[in-house]
1. Cβ-Cβ distance below 6 Å, separation of 6 or more or different chains: which pairs start in the range 80-107 with a residue that is within 15 Å of residue 123 (Cα to Cα) and end on one that is open to solvent by 20 Å² or more (accessible area, probe 1.4 Å) and part of a helix (DSSP H, G or I)?
2. For residues in the range 4-53 being within 25 Å of the chain's Cα centre (by Cα) and charged (D, E, K, R), which is surrounded by the most Cβ atoms within 10 Å (Cβ to Cβ)?
3. Just name the residue that is most open to solvent (accessible area, probe 1.4 Å) out of those in the range 150-166 that are out of contact with any strand residue (DSSP E or B) (no Cβ under 9 Å at 6 or more places or on another chain) and within 16 Å of residue 180 (Cα to Cα).
4. Hey, residue 101 hits all of (1) touching a Lys or Arg at 6+ places or on another chain (Cβ under 7 Å); (2) closer than 19 Å to residue 240 by Cβ but one; which does it fall short on?
5. Filter the range 365-391 down to residues that are assigned to a loop (DSSP other than H, G, I, E, B) and in contact (Cβ under 8 Å) with a residue 60 or more places away in the chain, then give me how many there are.
6. Quick one: which of 325, 241, 253, 313 is under 30 Å from residue 404 (Cα atoms) and touching a Lys or Arg at 6+ places or on another chain (Cβ under 8 Å)?
7. Determine which member of the set 118, 68 is within 24 Å of the chain's Cα centre (by Cα), in a helix (DSSP H, G or I) and either modelled with pLDDT of 95 or more or crowded, with 21+ Cβ neighbours inside 10 Å (or both).
8. Looking at the range 260-273, which of its residues are modelled with pLDDT of 95 or more and out of contact with any Phe, Trp or Tyr (no Cβ under 9 Å at 6 or more places or on another chain)?
Amino acid sequence: MTLDTNWVRSQFPAFSEPSLQGLSFFENAGGSYACQPVIHRLTRFYTERKMQPYGSSPPSELGGQEMDEARARMSAILGVEPDELSFGPSTTQNTYVLAQAFGQMMQPGEAIIVTNQDHEANTGPWRRLVDHGIEIREWQIDPDTGHLDPQGLEHLLDENVRLVCFPHCSNVVGEVNPVAEITALAHAAGAFVCVDGVSYAPHGFVDVGALGPDIYLFSAYKTYGPHQGLMVMRRTLGELLPNQGHHFNGGTLHKRFTPAGPDHAQIAACAGMADYIDAFYAHHVGGDAGPAARADAVHGLMRAHETRLLQPLLDAMKDRNSVRLLGPDTATDRAPTVALALNTPGEKAAEDLVAHGIIAGGGDFYAGRALDGMGVEESRGVLRLSFTHYTTADEIDKLLNALDDVL
């Protein structure tokens, strides 16, 4: 089954916006375009429901219902219970709150394992717990490939480890880590698992319940939605950790790790992501299926399309003498987030691509530890080319021609 890119792009107003014509968007890892259902729901909430939700008036009741709908539908897609999904202002802040909770629960001498493949958002808050007497152990990447070897984790696990934190995939290495395998190793050692899904979720929502981690985090603004952080917290761990919300919310699982009041409109708009998945499924597949099964079918179509487009880019970059391709050179092993270490600063290369109608990114992307671990000068950074399922083969050709000129 082939992905219908014409239909897909019709769901994103950005592709018909006159001011964006002639530009091809290859900085999706920094934030995707928003789909029409999300924009519609956000606009409707701000124009028709903008008051305190869950009140007795009709617009207030409807506002609360739309917020509940977003939680119910997105949790069903992710294979968890509705109260196991919470919304926060960003994944960075959600992780920070989690770190405070673990810092209160853990004892000095107990350990947390982090990686140097992580984005700073899912490693910095945990590393700061050394100030509480918590031991931080670093699971290190291969300096040549950026690969995280599960055998390296086994050597770090013992009875003192309470938590293992790692990314579903890195925002510069791009390799898809085996979440289920790593989770099983950690659980067998008695540790909880926190997975940063920010760089993977744009390429398909996963069944978190089937994968098994205790925490799974991602950002809606990278999955065609508003600027919210979504966090799955499985019940066993969520009820064990100390409440970080208002004391009167301590008995409600999805409120325990949201210290501030929620953004009503943006939470409600997250239901638009579920609208998009359902419409995508109906157009491409059809028939009856549950939310997680529909999302899995859509995930497969997205990944197949992205893989087909990604391999020519990897082939063109891997043998260039002036370019170091970070991560795997086979598309099936990675997300379409391609970081290139060049002789020139990544930001300069990104600037040069703009003249060719290519929007890309340059810099360290908060992944300085990963770059340092692979011997890439952090101040020079990388050129990052990232796309998702709404990218076309013609845009890949345009990118390759532009890279020939710039590199």
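1. Matching pairs, first to second residue: 103/132.
2. 41
3. 151
4. (1)
5. Quick first cut of the range 365-391, residues assigned to a loop (DSSP other than H, G, I, E, B) only: 365-367, 374-381, 387-391.
Now restrict to residues that are in contact (Cβ under 8 Å) with a residue 60 or more places away in the chain: 365-367, 374-375, 387-391.
The qualifying residues number 10.
6. Values: 241 fails: under 30 Å from residue 404 (Cα atoms); 253 fails: under 30 Å from residue 404 (Cα atoms); 313 fails: touching a Lys or Arg at 6+ places or on another chain (Cβ under 8 Å).
Among 325, 241, 253, 313, only 325 is under 30 Å from residue 404 (Cα atoms) and touching a Lys or Arg at 6+ places or on another chain (Cβ under 8 Å).
7. Working: 118 fails: in a helix (DSSP H, G or I).
Only one candidate qualifies: 68.
8. Once the filter is applied, which keeps residues that are modelled with pLDDT of 95 or more and out of contact with any Phe, Trp or Tyr (no Cβ under 9 Å at 6 or more places or on another chain), the range 260-273 yields only 271.
The values are calculated or read from the model by the stated rules, or taken from the named source; none is laboratory data. Every value quoted in this text rests on a predicted model; they were computed, and no experiment measured them. Quick reminder, even Gly has a Cβ in these numbers, built from the backbone with ideal geometry, and neighbours come from all protein chains shown. All accessible areas refer to the heavy atoms of the entire protein, side chains included, with ligands and DNA or RNA removed. Shrake-Rupley method; radii C 1.70, N 1.55, O 1.52, S 1.80 Å.
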